[in-house]
Amino acid sequence: MTVRGIDHAGITVASIKAALVFYRDLLGLRVTDEGEDSGPELDAITGLSGMRIRYAELDLGGGQLLEVIEYTPPEGGRLFQRPCDTGASHLALRVDDVDAVCTRLLAAGVTVPGRPTTISAPGRWNGARCVYVEDPDGRTVELVQRPA
């Protein structure tokens, strides 16, 4: 058995509406599918009972999808984590212009704890321009602009 790649990235959100404002409207990802689901197959996949979800799938390019899922019920609790906390994760998205996207996000009231920075260390990341921002649920999203 061999892993062949990432099929999609899935994240749980408090509100599909707020997630779509961030990922679709502010970051420009195209929605490829959205809807609601429930039933024994979803219960079996998640290991939870009585699941009901709202979801949207967004095109990340290159055949990759970002799936955002709102559970209703059960209602989950908010996860608080810092990038340095063990088990923390982040989603890294490639953009054409980190500074322009960061400016747009700041104007929309998005939390941007860092500042766009160009990496000068030798290696694969040399010349990449990156910044961490937070989505509506406080999840760390890294914006990455690779050198031309």
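Here are a few things to note about the model shown:
- Once the Cα atoms are used to define both axes, helix 98-107 deviates from the longest principal axis of the chain by about 60 degrees.
- Distance from region 39-58 to region 75-148 (C-alpha centre basis), Å: 29
- Our coupling estimate for region 5-16, obtained by passing each phi through the Karplus curve with A = 6.51, B = -1.76, C = 1.60 and θ = phi - 60°, is x, 8, 6, 6, 10, x, 10, 8, 10, 6, 8, 4 Hz, Gly and Pro reported as x.
- Take the Cβ atoms of residue 45 and residue 4, set R0 to 30 Å, and the FRET efficiency comes out at 0.95.
- Of the residues 42, 140, 3, the one whose Cα sits farthest toward the positive end of the charge dipole of the chain, with +1 on the Cβ of Lys and Arg and -1 on the Cβ of Asp and Glu, is 140.
- Taking the Cα centre of region 28-148 as reference, the dipole from Cβ charges on Lys and Arg (+1) and Asp and Glu (-1) amounts to some 740 debye.
- Expressed to the nearest 5 percent, the antiparallel share of DSSP beta bridges inside the chain is 70 percent.
- Of 140, 2, 12, 32, the sequence from fewest to most neighbouring Cβ atoms within 10 angstrom is 2, 32, 12, 140.
- Residue order for 60, 29, 48, fewest other beta carbons within 10 angstrom first, comes to 48, 60, 29.
- Separation of the residue 119 and residue 100 label points, Cα + 7 Å toward Cβ, nm: 2.3
- Applying both filters, DSSP loop and at most 15 other Cβ atoms within 10 Å, to the GluC sites (Glu not before Pro) of region 1-83 gives 75.
Coordinate-derived values only; no laboratory data. Everything numeric in this text was worked out from a predicted model, so none of it was measured. FYI the Cβ positions are ideal-geometry reconstructions off the backbone, even for glycines, and counts take in every protein chain you see.
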